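Below is one structure, written out as structure tokens, with a few remarks after it.
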Amino acid sequence: DAGITQSPRYKITETGRQVTLMCHQTWSHSYMFWYRQDLGHGLRLIYYSAAADITDKGEVPDGYVVSRSKTENFPLTLESATRSQTSVYFCASSVIGENTEAFFGQGTRLTVV
Amino acid sequence: GENVEQHPSTLSVQEGDSAVIKCTYSDSASNYFPWYKQELGKRPQLIIDIRSNVGEKKDQRIAVTLNKTAKHFSLHITETQPEDSAVYFCALQAGTALIFGKGTTLSVSS
């Protein structure tokens, strides 16, 4: 379980502020993902990355920015937080990205006020 | 893009009963269909998965069936126990990422 960790676990921020959610994995998995979880919507893919310096948009990328300068880290930045971005954010990783299990971090509960 | 419909959204059963959750999809290219369980306040965790060359897979009290022609797959839990209470998500592989259904909240009462 310590293989993929997210920080912070809880965050309250104000509308318009920039906030970065961190994700770190120790398995050297190639693929990493960011999902948001909202009641009634399940888990929706925000961005994903196949390797360092390779990222791509998911279902709901607007308002988010990602980077992956190192294989083990995949931070998610909200450039100007809005109330609609209040959610639980999960980072995940997998070995090869296709047809294999995705391992989730413990989640970050973000509240935008 | 790919869409996964999951039903029902909530399911209440008595301990010992069976529970069935069904998912339908549209992309015939999908070949990997996992199911995740999320307990309250915890992270989603894989409980079982099936690949398109297999029609059914069992692991103790849980089983998954896949019908690629009809584009649906189902999770079956037998002899339910209170610890089975959780949110269950179906998913499928869409390119290099998993796309999830909206989840089913299963409540098992003793």
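Values for this structure:
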{"quantity": "Lone unmet requirement of (1) closer than 21 Å to B:ALA91 by Cβ; (2) not in a strand (DSSP E or B) for A:LEU43", "calculated": "(2)"}
{"quantity": "Scope the range B:1-21; condition hydrophobic (A, V, I, L, M, F, W, C) and within 14 Å of chain A (Cβ to nearest Cβ); matching residues", "calculated": "B:VAL4, B:ILE21"}
{"quantity": "Index of the failed condition, A:GLY42 passing every other in (1) closer than 23 Å to A:THR111 by Cα; (2) more than 14 Å from chain B (Cβ to nearest Cβ)", "calculated": "(2)"}
{"quantity": "Positions within the range A:37-54 being over 13 Å from A:CYS23 (Cβ atoms), without any contact (Cβ under 8 Å) to a residue 60 or more places away in the chain and of a type outside the set (A, V, I, L, M), in sequence order", "calculated": "A:ASP38, A:GLY40, A:HIS41, A:GLY42, A:ARG44, A:ASP53"}
{"quantity": "Looking only at the range B:55-98, and only at residues there that are at positive phi and free of Cβ contacts under 8 Å to residues at least 24 places away in the same chain, the one that is nearest to the chain's Cα centre (by Cα)", "calculated": "B:GLN60"}
{"quantity": "Hits in the range A:46-58 (condition: out of contact with any strand residue (DSSP E or B) (no Cβ under 8 Å at 6 or more places or on another chain) and not in a strand (DSSP E or B))", "calculated": "A:ALA52, A:ASP53"}
{"quantity": "Selected residue (criterion: nearest to the chain's Cα centre (by Cα)) from residues of the range B:17-42 that are in a loop (DSSP other than H, G, I, E, B), among the small types (Gly, Ala, Ser) and under 21 Å from B:LYS57 (Cα atoms)", "calculated": "B:SER18"}
{"quantity": "Given (1) more than 29 Å from B:ILE50 (Cβ to Cβ); (2) surrounded by fewer than 14 Cβ atoms within 10 Å (Cβ to Cβ); (3) in contact with a Lys or Arg (Cβ under 7 Å, 6 or more places away or on another chain); (4) free of Cβ contacts under 8 Å to residues at least 24 places away in the same chain, number of the condition A:LYS70 does not satisfy", "calculated": "(3)"}
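No value in this document is a laboratory result; all are computed from the given coordinates. Everything numeric in this text was worked out from a predicted model, so none of it was measured. Don't worry about glycine lacking a Cβ; one is built from the backbone with ideal geometry, like all the others, and counts go over all protein chains shown.
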